[in-house]
Structures are given as C-alpha cells and as structure tokens.
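Written below as structure tokens is the structure these notes are about.
The values are calculated or read from the model by the stated rules, or taken from the named source; none is laboratory data. Fair warning: this is a prediction, and the values are worked out from it, not measured in the lab. Cβ placement follows ideal geometry from the backbone for every residue including glycine, while neighbour counts extend to all protein chains displayed.
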Amino acid sequence: MINSKKNIKPLLPLLFIAILMISGSCQNNSRIRILKLGHGLDTEHPVHKGMVYMSELIETRSGGKMKVQIYPSQQLGSERQCVELLQIGSLAMTKVSASVMEGFAPDYKVLSLPFIFDNREHSYRVLDGEVGNEILLSSEKYWLRGLTFYDAGSRSFYTIDKPILHPDDLIGLKIRVMKSPTAMDMVESFGGNPTPISWGELYTSLQTGRVDAAENNPPSFRHSFHYEVCKYYSLDEHTTIPDVLLISTIIWNQLSDQEKEWLQEAADESARYQRVLWQEDEIKSYMMVKEKGVTIIPNKEIDIESFKVSVEPMYREAEKNSRIKDLINRIKSEV
C-alpha cells in the first residue's frame, strides 16, 4: 500500500499499463466528462447495482454532460491495483472495503473493530454523520477521497465441518482474513490462526484445506459459492465493515464545482438505494444457502458475550491512540 510520496516510484510501471488500459479515465471529449470506475465485484452484487444507480443519476442530472463507466469483476485490476491507479490519477474511481483503507488512513481502523456498532441502524447513524464524513476525507493526503459508504452487512464465520458457537471453537483453525492488521488481531484474540488470502483464491483454499474457515457477510458467502464447501454459517456478526466509494483526488480536483455536486449527490443517493438492495439480497442469501444444505446458527445461539470479552484487549490497545479513542467514544455516543 502506498502512503507517502516517496513510494511513488514503484508505481511507474503501473502508469504505463494504465495509459494503455484505461487512458482517459477522466476526459472531456465533446464536452462530456467521463469517469472510469473499476472494482472486483460481480454484476449481481448489490454494491455494484448501487454504483450503476449512481451512474444513471449522474448522466440524467447532467443532461449527458457527465458519465461514469463501470468495469466490474476486476477488469481493470485487483482491488489493490485499482487503488494504486487512483493514486496516480490513471483511474477515476473504485470501491474497496473500509478495512483495506487502514493502510492508507488510520481513522478507518475504528470501523474494523469488532462489535463497534450495536446494530445496523447504529452504523447508519455514524456513517451518515460527522464521524463518517471525517473518516471519508481522512485519506485525501494520500490522493484518495471517500465519497460515500455502501452497506456491506455484518461479517460472520463460516466453516467446513463444525459450527462456531464460542471463541474456543476457533482454536487451532486456520481462518481466512482480509489483509488487515485489525482483522488478524481479532481472529488471534478469538484463538484462531489468521491467514490472509486474496478473495479470488479463497474458494480453492477452502477446497484444498489451506484454510478451515472464513468470515464474511451473507451476500458474499452466496455470490462466491463458498457455501458449496462450507456447510456451517454462524451468525456471530463480529464486525460491520462498510465498503467505501473512492475517487482519485487528482481527478476530483479537475472537476468543476457543478460536476463535484452532481457526483457527490448521486453517490449519497446511491448509498441509500443500495441499503435497500442489500437487505433484500441478505434475505435471498439466507434462503438460498439453506436450500443448498448450509446450517445457519442464529446469533441468539452463540455466546456473543464471550466473543466481546475476547477482544477487550484490542480496544485497550486501540485507545492508546488518542484520535482512535475519540472516534470510539463518539461512535458509542450515537447509540
């Protein structure tokens, strides 16, 4: 991950690739502003559909003067590559998990803390409010501006051959996690062995036994077909980490005030629209994976308090940073 100007040299090869692959990510041909958005999700995912809705709003409200062209399914590169392309201005926009942003802007770490939100409504109040806006803008000095948060639900553990009801059930298991220090610390706190693996490699890793389990939200569990391998889904809902819609600050600074307004308003509206799609997709996901033979263990049958006690040291460590401590307190006050 790139978080300082001195690290820009390793990105030079990417620049030449970007020129060939996505030249004109922010162009003005015949007075039409075109922004290219690359991401790794498939076209059936509710987050992708939310971004499509945003692009439709922008084109309509601008009278066709501004358009967002979306390239899903890693057509323009992996999540990391897309972020790096934003940093050099060769790609206008992308979508990443807030956990990925920990390596760019420390404020994002607070969103990855387990059990930071009490429920979905609590997370919405925080993300739509002052704290959420501060976090979105905290990465600007690294050439990345957050536009909005998309709902990515709550993450829970799914396993191949046994349910997870208590932290002790994770002892000795190899658990796939995102490449996030907070995610790794969390799994270690529960007693598991965190194993960072890219999302694209996870299905095979579960099949071959490279890992014993993973954790994610219901739509991702379904859309990835991981239910074909993992037959237990334990809804401990340990984290509620949103997705983040990003724009390169290099591109943002090229936009007129009117274009910025069109884009920001459309992004905000698409987030509200996407939340409805997300909840609908969650219901479909639960129904489908159950039909495919997955045993779903509800939250009430899991010892959630033991999970919360297990991560108390993570909070004590995080609160040594005065900024993170302030954000935690402000988030908790939104209940």
Margin query: With the requirement that a residue be more than 17 Å from ASP326 (Cβ to Cβ) and in contact with a helix residue (DSSP H, G or I) (Cβ under 8 Å, 6 or more places away or on another chain), what does region 123-145 give you?
Written below: TYR124, SER139, GLU140, TYR142, TRP143, LEU144, ARG145
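Per-residue answers, yes or no, for (1) under 25 Å from GLU265 (Cβ atoms); (2) in the same structural domain as SER189 (by TED's automatic domain parsing); (3) touching a residue at least 12 places away in the same chain (Cβ under 8 Å):
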residue	(1), (2), (3)
SER55	yes, no, yes
GLY63	yes, no, no
ILE70	yes, no, yes
GLY77	no, no, yes
MET93	yes, no, yes
ILE116	no, no, yes
ILE135	yes, no, yes
SER138	yes, no, yes
Check: Taking region 37-51 only, how many residues are surrounded by fewer than 17 Cβ atoms within 10 Å (Cβ to Cβ) and either without any contact (Cβ under 8 Å) to a residue 12 or more places away in the chain or not hydroxyl-bearing (Ser, Thr, Tyr) (or both)?
Finding: 2
Checklist line | Residue list for region 208-234, restricted to those being at pLDDT 95 or above, over 17 Å from GLU291 (Cβ atoms) and within 19 Å of the chain's Cα centre (by Cα) | finding: ALA214, GLU215, ASN216, ASN217
Item checked: Residue among MET93, MET66 that alone is crowded, with 21+ Cβ neighbours inside 10 Å and more than 27 Å from VAL177 (Cα to Cα) -> MET66
Next item on the list: Check region 194-202 and report whether any residue there is at pLDDT below 95, within 26 Å of ALA213 (Cα to Cα), among the acidic types (Asp, Glu) and in the same structural domain as TYR232 (by TED's automatic domain parsing).
Entry: yes
Item checked: Residue list for region 246-257, filter: touching a residue at least 12 places away in the same chain (Cβ under 8 Å), in a helix (DSSP H, G or I) and farther than 18 Å from MET51 by Cβ -> THR249, ILE250
Check: Would a scan of region 325-334 turn up a residue that is farther than 30 Å from LYS36 by Cβ and loosely packed, with under 12 Cβ neighbours inside 10 Å?
Finding: yes
Checklist line | Unique residue being under 22 Å from VAL309 (Cα atoms) and acidic (Asp, Glu) when the list is ASP107, ASP185, ASP151 | finding: ASP185
Margin query: With the condition being charged (D, E, K, R) and modelled with pLDDT of 55 or more, I'd like the strands (runs of 3 or more DSSP E) fully within region 1-87 carrying at least 2 qualifying residues.
Written below: 32-38
Margin query: Test of understanding: among ALA152, ALA92, which residue is touching a Ser or Thr at 6+ places or on another chain (Cβ under 6 Å) and modelled with pLDDT of 95 or more?
Written below: ALA92
Notebook entry, point to check: Only one of SER256, SER270, SER285 is out of contact with any Leu (no Cβ under 9 Å at 6 or more places or on another chain), surrounded by 16 or more Cβ atoms within 10 Å (Cβ to Cβ) and small (Gly, Ala, Ser); which?
Noted result: SER285
Next item on the list: Determine whether SER248 is among the small types (Gly, Ala, Ser), crowded, with 21+ Cβ neighbours inside 10 Å and touching a helix residue (DSSP H, G or I) at 6+ places or on another chain (Cβ under 7 Å).
Entry: yes
Checklist line | Of all residues in region 96-140 being of a type in the set (Phe, Trp, Tyr) and in a loop (DSSP other than H, G, I, E, B), the one that is surrounded by the fewest Cβ atoms within 10 Å (Cβ to Cβ) | finding: PHE115
